[in-house]
Amino acid sequence: WISSSTSKGGMKPYSDGLQVDWRRDETLAGEWIVQRGTRYRRGLTLRGKGEIHFNVPAEAVRFEARVGVDDGSAGDGPATFSIKMDGRAVSESGPLRKGDAATEWAVGLSGARILTLAVDTADPKAQCVFLEARFVIEAGK
């Protein structure tokens, strides 16, 4: 699970200097992550706009996750999620609001060293979640 990985960087704050919060495997209030009524034990929760950077394990072949807005979020969004590899955008969700179905991702990691998970939203109260985010490891590598 990526929530067990070490973050390489941190969050980029809003241009007005507000700190962007994020948590591993829980909401910002320390509760279960819940998306459309389903509880998740693994994931990353970000409030507002920002990005987190992770080193890609050499044996990883794919990154998988579902993204959406947490049911308990004080903000409704919309939020757009994106994945970058080594600074280059490779995937982006459409705008998602609280109550929308999660978007599923499976992105190949061939040669990537740094994975960036990003959220873009004008709603600083939106709790945006990367559900069950994980690096998929190829057997024998």
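The values are calculated or read from the model by the stated rules, or taken from the named source; none is laboratory data. Computed from a predicted structure; not experimentally measured. So basically every Cβ, Gly included, is an ideal-geometry build from the backbone, and we count neighbours across all protein chains shown. Surface accessibility is based on the protein's heavy atoms, side chains included, excluding ligands, DNA and RNA. Shrake-Rupley method; radii C 1.70, N 1.55, O 1.52, S 1.80 Å.
Please indicate, with yes or no, whether at least one residue in the range 47-61 is of a type in the set (Val, Ile, Thr) and at pLDDT 90 or above.
Yes, that holds for at least one residue.
Please specify each residue of the range 114-140 satisfying the condition of being over 14 Å from the mean Cα position of the chain (by Cα), under 18 Å from Phe54 (Cα atoms) and open to solvent by 50 Å² or more (accessible area, probe 1.4 Å).
Ile137
Can you go through Gly37, Gly94, Gly72, Gly111 and tell me which one is open to solvent by 30 Å² or more (accessible area, probe 1.4 Å) and within 15 Å of Asp21 (Cβ to Cβ)?
Gly72
Starting from residues that are touching a Lys or Arg at 6+ places or on another chain (Cβ under 8 Å) and open to solvent by 40 Å² or more (accessible area, probe 1.4 Å), keep the ones in the range 54-69 and report whichever is nearest to Gly108 (Cα to Cα).
Checking each candidate, the answer is Val61.
Looking at the range 65-90, which of its residues are of a type outside the set (A, V, I, L, M) and under 10 Å from Ala118 (Cα atoms)?
Across the range 65-90, the qualifying residues are Thr80, Phe81, Ser82, Lys84.
Which residues, counting only those in the range 75-86, are open to solvent by 10 Å² or more (accessible area, probe 1.4 Å) and among the aliphatic types (A, V, I, L, M)?
Of everything in the range 75-86, just one residue is open to solvent by 10 Å² or more (accessible area, probe 1.4 Å) and among the aliphatic types (A, V, I, L, M), namely Met85.
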